[in-house]
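Here is the structure we will look at.
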């Protein structure tokens, strides 16, 4: 098996970073199908807890029940948050995936900037989530039946809001996007390694594979 892969890579050493870029693009696209973040509210009156799953395009789970509870502390309805982001997310992810695909078939150094949208997407998601968590916990209705001091629900981990214990967890969609980011970083690294080896007319060792520069151009 290793010999077959090695022979396949010998024909074009750039196939390895290209595979990373293409794999990353598809991972990013498939992440749209899975939640990125989950919040679970736990309390004695809800033995099974209440769960809200955050996809980049919509919310799912016990959204209405959580909204009804949040009403008592003056928190806005969940679907009102990040409406622009949810509208733009499919376009942004699609564009980032296309750029990743394009990166797989170009070797110009300056075009590595095309990798930035996909690489930064997980970080942007976390930053945006934290912004909305902070805003929702601090923009409470002063006329609500229950008055709580401003707070920020946890982005990751556990917290306490009134009588509720909240658990926040990253979900498969986020991990897929993060894996895509790592694959792109690996692709950029190995493309640089291959290019340098070709320029120096040296073989390239990648794990069990030894690639020769013949047949490839920098």
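Of these, 85, 65, 80, which one is without any contact (Cβ under 8 Å) to a residue 24 or more places away in the chain, surrounded by 14 or more Cβ atoms within 10 Å (Cβ to Cβ) and within 30 Å of residue 162 (Cβ to Cβ)? Working first, answer last.
Working: 85 fails: without any contact (Cβ under 8 Å) to a residue 24 or more places away in the chain; 80 fails: surrounded by 14 or more Cβ atoms within 10 Å (Cβ to Cβ).
Within the list 85, 65, 80, the selection yields 65.
Would a scan of region 148-159 turn up a residue that is more than 28 Å from residue 14 (Cα to Cα), at pLDDT below 95, out of contact with any strand residue (DSSP E or B) (no Cβ under 9 Å at 6 or more places or on another chain) and surrounded by fewer than 15 Cβ atoms within 10 Å (Cβ to Cβ)?
yes
Among the candidates 163, 171, single out the residue that is over 21 Å from the mean Cα position of the chain (by Cα), in contact (Cβ under 8 Å) with a residue 40 or more places away in the chain and surrounded by fewer than 19 Cβ atoms within 10 Å (Cβ to Cβ). Step through it out loud before you land on a result.
Working: 171 fails: over 21 Å from the mean Cα position of the chain (by Cα).
So the residue among 163, 171 that is over 21 Å from the mean Cα position of the chain (by Cα), in contact (Cβ under 8 Å) with a residue 40 or more places away in the chain and surrounded by fewer than 19 Cβ atoms within 10 Å (Cβ to Cβ) is 163.
So which residues in region 39-97 are out of contact with any helix residue (DSSP H, G or I) (no Cβ under 6 Å at 6 or more places or on another chain), assigned to a loop (DSSP other than H, G, I, E, B) and closer than 20 Å to residue 170 by Cα?
Selection gives 55, 58, 62.
The values are calculated or read from the model by the stated rules, or taken from the named source; none is laboratory data. Computed from a prediction, not measured in an experiment: that's the story for all the values here. Using ideal geometry, Cβ is built from the backbone for each residue, glycine included, and neighbour counts are taken over all protein chains shown.
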